[in-house]
1. What pairs come out if I take residues in the stretch 186-213 that are closer than 18 Å to Gly140 by Cα and surrounded by fewer than 17 Cβ atoms within 10 Å (Cβ to Cβ) and pair them with residues that are modelled with pLDDT of 80 or more and of a type in the set (Phe, Trp, Tyr) whose C-beta lies under 6 Å away, six or more apart or interchain?
2. Pairs please, first residue from the stretch 118-140 and more than 22 Å from Ile166 (Cα to Cα), second anywhere and surrounded by fewer than 18 Cβ atoms within 10 Å (Cβ to Cβ) and hydrophobic (A, V, I, L, M, F, W, C), Cβ atoms under 7 Å, 6+ apart in sequence or on different chains.
3. In the stretch 125-132, is there at least one residue being in a strand (DSSP E or B), within 22 Å of Gln150 (Cα to Cα), out of contact with any helix residue (DSSP H, G or I) (no Cβ under 9 Å at 6 or more places or on another chain) and of a type in the set (D, E, K, R)?
4. Can you pull out every residue in the stretch 28-46 that is closer than 26 Å to Gly138 by Cα, aliphatic (A, V, I, L, M) and either within 16 Å of the chain's Cα centre (by Cα) or surrounded by fewer than 20 Cβ atoms within 10 Å (Cβ to Cβ) (or both)?
5. Tell me, please, whether a residue that is among the polar types (S, T, N, Q), farther than 30 Å from Ile114 by Cα and crowded, with 16+ Cβ neighbours inside 10 Å can be found in the stretch 48-66.
6. Take the stretch 47-104 and flag every residue that is farther than 21 Å from Asp133 by Cβ and either under 12 Å from the mean Cα position of the chain (by Cα) or polar (S, T, N, Q) (or both).
Amino acid sequence: MQEPEDQFWYFRILRSGNLAVINNFRLTTNPEAENHLLRILKKNGEIVRSFGTAFPPEGEIGMFDNNTAKLDTDNDDNIYVTFLGHNRIEKYSPDGDLMFVSTRPLNYEVDHKIVTLEGYDFTYPEMTSISQDIGVDGKGRIWNLTYKAQPEDKKSNATIIADHTIIDFEIFDENGVLLGSIPTPNHVCNIRIFGDTLYMIDTYTEMCVYEYRIVER
């Protein structure tokens, strides 16, 4: 099995003390190799296991942009992954077994493309924004920051986050079944959940953290 020589950019600490990480695929990644999305690392960086199938390049859209994702874990060290540019949420066991793949209806078409920066001879991938972050509460429900519409200006992430009316919380049960959605009350770009406490992080407009309690009704 050939492992990609890549770094990681997003992680969670498991109860064992190991790290669950998402690979940060570089331009030098060989797309023909068996590239895994996730790794479990010891504190010294030693790889315990690798799993999860990474998306291959799509035309000029490389592996890095095609596999930008975030993760969270639950009380049993199950791992949940949301892809920022794909209609796909995955759940893995601590041993790396794929437990489910969840999708949901979108109000827009997914259209990843290469565009040229106006006034420059420079191209970059313009990705359809589908998800922003993911968290799992104490009852195993999955909270996913989901775009319900596409921003008019995709050039600036700060502009996208400032228009918080286009992002909702979609809530799934522990089996990946969509339960419903609620609006985000503030300009949210990242979330963390500990038990029944939800932290929403605004790094673009107010530079603050909001704390909310998840209440059953």
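1. Here the result reads Arg192/Tyr199, each pair linking the stretch 186-213 to a residue that is modelled with pLDDT of 80 or more and of a type in the set (Phe, Trp, Tyr).
2. Listed by first residue and then by second, the contacts come to Thr123/Ile114; Thr123/Val115; Tyr124/Val115; Tyr124/Leu117; Asp137/Ile214.
3. Step one: filter the stretch 125-132 for residues in a strand (DSSP E or B), giving 125-126, 131-132.
After this cut, where a residue has to be within 22 Å of Gln150 (Cα to Cα) as well, the list is 125-126, 131-132.
Then drop every residue that is not out of contact with any helix residue (DSSP H, G or I) (no Cβ under 9 Å at 6 or more places or on another chain), which leaves 126, 131.
Narrowing the set further to residues that are of a type in the set (D, E, K, R) leaves 126.
Yes, because at least one residue in the stretch 125-132 is in a strand (DSSP E or B), within 22 Å of Gln150 (Cα to Cα), out of contact with any helix residue (DSSP H, G or I) (no Cβ under 9 Å at 6 or more places or on another chain) and of a type in the set (D, E, K, R).
4. Leu37, Leu38, Leu41
5. Restricting attention to the stretch 48-66, the residues satisfying the condition of being among the polar types (S, T, N, Q) are 50, 53, 66.
Subsequent filtering for residues that are farther than 30 Å from Ile114 by Cα retains 50.
Add one more test, that the residue is crowded, with 16+ Cβ neighbours inside 10 Å, and what stays is 50.
Scanning the stretch 48-66 turns up at least one residue that is among the polar types (S, T, N, Q), farther than 30 Å from Ile114 by Cα and crowded, with 16+ Cβ neighbours inside 10 Å.
6. Within the stretch 47-104, Ser50, Thr53, Ser93 meet the criteria.
The values are calculated or read from the model by the stated rules, or taken from the named source; none is laboratory data. Keep in mind it's a predicted model, so treat the numbers as computed, not measured. Glycine also receives a Cβ, built like all others from the backbone with ideal geometry; neighbour counts cover every protein chain displayed.
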